[in-house]
Amino acid sequence: MKKWIVCILGIVLTGCVSSSKNTDSGVIVLDGTNVTDKTRENFDLSAWVKDWDFAVLEQNDSCQLSKIRQIKIVGEDVFVVNVEELRSDIYRFTTAGQFRNRIGRPVSGYGFVTNTVIDSLNRKIYLLDIFESSVHLYDYEGKYLRSYRPYPLLQYVADAVCLGDNEILGYYGITRDHRLAYFTADSLLLVKDTLSYYEVGSGNPGVFNFSQNAISHYDGRVLLIRPFCDTIFEYRDRCLRPAFITETGASLPVGYQLENVPDCIGVKSELEAKGYFPKSGIFETDSHIWVGGGANRLMYDKQEGRGIYFRDSLCCHPDVFPPLDFIGRKGEFLVALASGGEILEIREAMKRQGMEPDGKLKELFGKVGEEDYVLFFYLFG
């Protein structure tokens with residue numbers, strides 16, 4: 001227990017304080033000296049795209065997509081949680097969009113699943129069933145393995161990532177009942193340790209998930225964000241350690257006190273109205289670290305040690321589909337998802353501008369219908 005008290009104290013002392021510049025500790029401060037603020041300019045992220053591709057997710061009698069709740073990309077596999085009313089279906093695709101198989105079946109196989117955990121080492125998938133407070137374990141091909149009830153807080157789990165053969169890192173959504181945040185668990189999703197706590201609560205019933213991509217696992221390094229916090233942490237040696245502090249693109253005004261805030265949703269709206277954007281996602285590639293914050297993003301070049309903080313203007317180009325919010329990573333490519341309706345809106349916007357699509361974009365517009373879902377893969381230069 002003493003070790004975890006030390007870890008939590010380290011977070012309190014060095015975590016969500018944007019005025020601390022302790023570079024001697026190895027923490028990189030992202031401020032006006034190494035990050036350019038372009039949020040007041042028209043910034044065209046599409047112009048930074050070095051290469052891109054797309055994949056239309058196949059739909060047939062065995063696979064119908066209506067409302068995608070979650071997508072996870074692991075290697076060459078894409079796992080999709082589709083939710084319609086109180087029914088959830090889990091599908092497996094290739095990264096080329098080909099439908100491979102369904103993971104189990106609702107009603108007879110499981111109740112209502114909103115989250116999954118992918119164990120790529122053992123080719124297993126955990127389905128977190130909030131109706132039955134159970135975990136259902138399947139293999140990649142959809143073969144049922146077992147079900148069990150690991151612990152009473154399962155319905156609060158927002159997401160989790162398998163780091164190794166017997167190590168899972170996850171975090172809870174924000175609720176009005178508890179302040180538990182990040183945790184570690186074993187291969188059965190049995191919680192071993194609590195790593196941190198939230199400074200805020202939710203004034204509403206249910207679970208508020210502050211991010212769809214709060215954990216980045218790339219090349220052995222694990223980075224993560226916390227709500228209303230300007231520190232990006234690294235999970236190392238079973239502790240959360242500050243790695244970056246974002247003074248440019250801050251989530252909070254200097255001196256803002258978060259302790260015991262009862263309504264995180266109200267605080268989020270208040271801060272965004274003042275021009276602050278709490279972190280909502282993080283991704284790492286060989287060349288960059290990407291941090292999302294509402295409508296704004298921060299792109300940090302690891303080789304050059306410099307970054308750009310910007311608000312993407314979603315400019316139309318004849319040969320690139322504009323990058324939307326990233327939902328995953330495939331190798332060095334960042335991945336976005338768009339519905340057929342969103343894609344057709346871009347096509348109509350181009351028509352109004354008198355712009356004709358070319359190359360892959362022309363091919364995309366010729367393939368996509370209103371009911372489709374499309375994955376986009378972007379490599380940035």
Top-ranked residue of segment 176-227 - restricted to ones that are of a type in the set (A, V, I, L, M, F, W, C) and touching a Cys at 6+ places or on another chain (Cβ under 7 Å), ranked as farthest from Asp159 (Cα to Cα): Val200
Looking only at segment 323-370, and only at residues there that are under 23 Å from Ser280 (Cα atoms) and among the aromatic types (Phe, Trp, Tyr), the one that is nearest to the chain's Cα centre (by Cα): Phe326
Out of Lys50, Lys21, sole residue that is basic (Lys, Arg), assigned to a strand (DSSP E or B) and either under 24 Å from the mean Cα position of the chain (by Cα) or modelled with pLDDT under 95 (or both): Lys50
Pro152 being part of a loop (DSSP other than H, G, I, E, B) and free of Cβ contacts under 8 Å to residues at least 24 places away in the same chain: yes
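How many residues are more than 22 Å from Leu163 (Cβ to Cβ) and buried (at least 18 other Cβ atoms within 10 Å of the Cβ) if we restrict to segment 115-133?
Residues in segment 115-133 being more than 22 Å from Leu163 (Cβ to Cβ) and buried (at least 18 other Cβ atoms within 10 Å of the Cβ): 1 in total.
This table checks each residue for (1) touching a Ser or Thr at 6+ places or on another chain (Cβ under 7 Å); (2) at pLDDT 90 or above.
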site: Leu180; (1), (2): yes, no
site: Leu190; (1), (2): no, no
site: Leu195; (1), (2): yes, yes
site: Asn209; (1), (2): no, no
site: Gly220; (1), (2): no, yes
site: Ile225; (1), (2): yes, yes
Hits in segment 328-381 - residues which are out of contact with any helix residue (DSSP H, G or I) (no Cβ under 8 Å at 6 or more places or on another chain) and of a type in the set (Val, Ile, Thr): Val335, Ile346
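Okay, residues lined up against (1) within 25 Å of Ile327 (Cα to Cα); (2) out of contact with any Pro (no Cβ under 9 Å at 6 or more places or on another chain):
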residue	(1), (2)
Tyr182	yes, yes
Tyr198	yes, no
His217	yes, yes
Cys239	no, yes
Cys264	yes, no
Any strands (runs of 3 or more DSSP E) falling wholly within segment 250-366 and containing at least 2 residues that are free of Cβ contacts under 8 Å to residues at least 12 places away in the same chain and either among the hydrophobic types (A, V, I, L, M, F, W, C) or within 20 Å of Arg221 (Cβ to Cβ) (or both): none
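The values are calculated or read from the model by the stated rules, or taken from the named source; none is laboratory data. Here the structure is a predicted model, which means the values were calculated and not measured. Every residue, glycine among them, receives a Cβ derived from its backbone with ideal geometry; neighbour counts consider all protein chains shown.
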